[in-house]
C-alpha cells in the first residue's frame, strides 16, 4: 500500500500506511520519553493518567479535524455551484 504522505510503498502503522522515511520524519517518541512524560504528568498511576490525557488529545484532534473538513466541504460545495 502507498504511504499516506508521499505515496511510496509503506507499511501499516495503526490504521495508516507510512513509508520508513516518513515514519522517521514523524520523530515518534522512544519508550524512555513516554515513561518520563507519564511520570511528569502524575506521580501516582502515571501510566493511567498519561493514557487518559492522550485519549483526550485524540478526541480533541478528531473534533478539530471534523470541524475543518466540514468547513472545507462547505467551501467546495459553494464553489461548485458557481461559475468561476
Here are a few candidate values for semi-axes √(5λ) of the Cα gyration tensor in Å: (i) 20, 16, 11; (ii) 44, 10, 7; (iii) 35, 22, 9. Which one was actually calculated from the structure I just gave you? (iii)
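At 222 nm, what value in deg cm²/dmol follows for the chain if DSSP H runs of at least 4 each add -39500 (n - 2.57) and the sum is divided by all its residues, to the nearest 500?
Values: 3 runs with 53 residues, N = 84.
Theoretical 222 nm ellipticity from helices: -21500 deg cm²/dmol.
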Pick from 62, 31, 20: which is most flexible by mean-square fluctuation in a GNM of the chain where alpha carbon atoms under 10 Å apart are linked? 20
Nearest 10 degrees, 0 to 90: helix 31-41 Cα axis against the chain principal axis: 80 degrees
Pair residue 30, residue 51: separation of 7 Å Cα→Cβ label points (nm): 2.5 nm
For the pair residue 11/residue 68, report the inter-label distance in nm, with labels modelled 7 Å from Cα in the Cβ direction. 2.8 nm
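May I ask you to derive the FRET efficiency for residue 59 and residue 1 from their Cβ-Cβ distance with R0 = 35 Å, giving the value to the nearest 0.05? Intermediate results must be reported in sequence, preceding the final value.
Numbers: r = 27 Å, r/R0 = 0.77.
Rounded to the nearest 0.05, the efficiency is 0.85.
Since every read-out is calculated from the coordinates, none of them should be taken as a lab result. What you see is a predicted model, and the numbers here were worked out from it, not measured in a lab. Here Cβ is always computed from backbone atoms with ideal geometry, including for glycine, and neighbour counts include all displayed protein chains.
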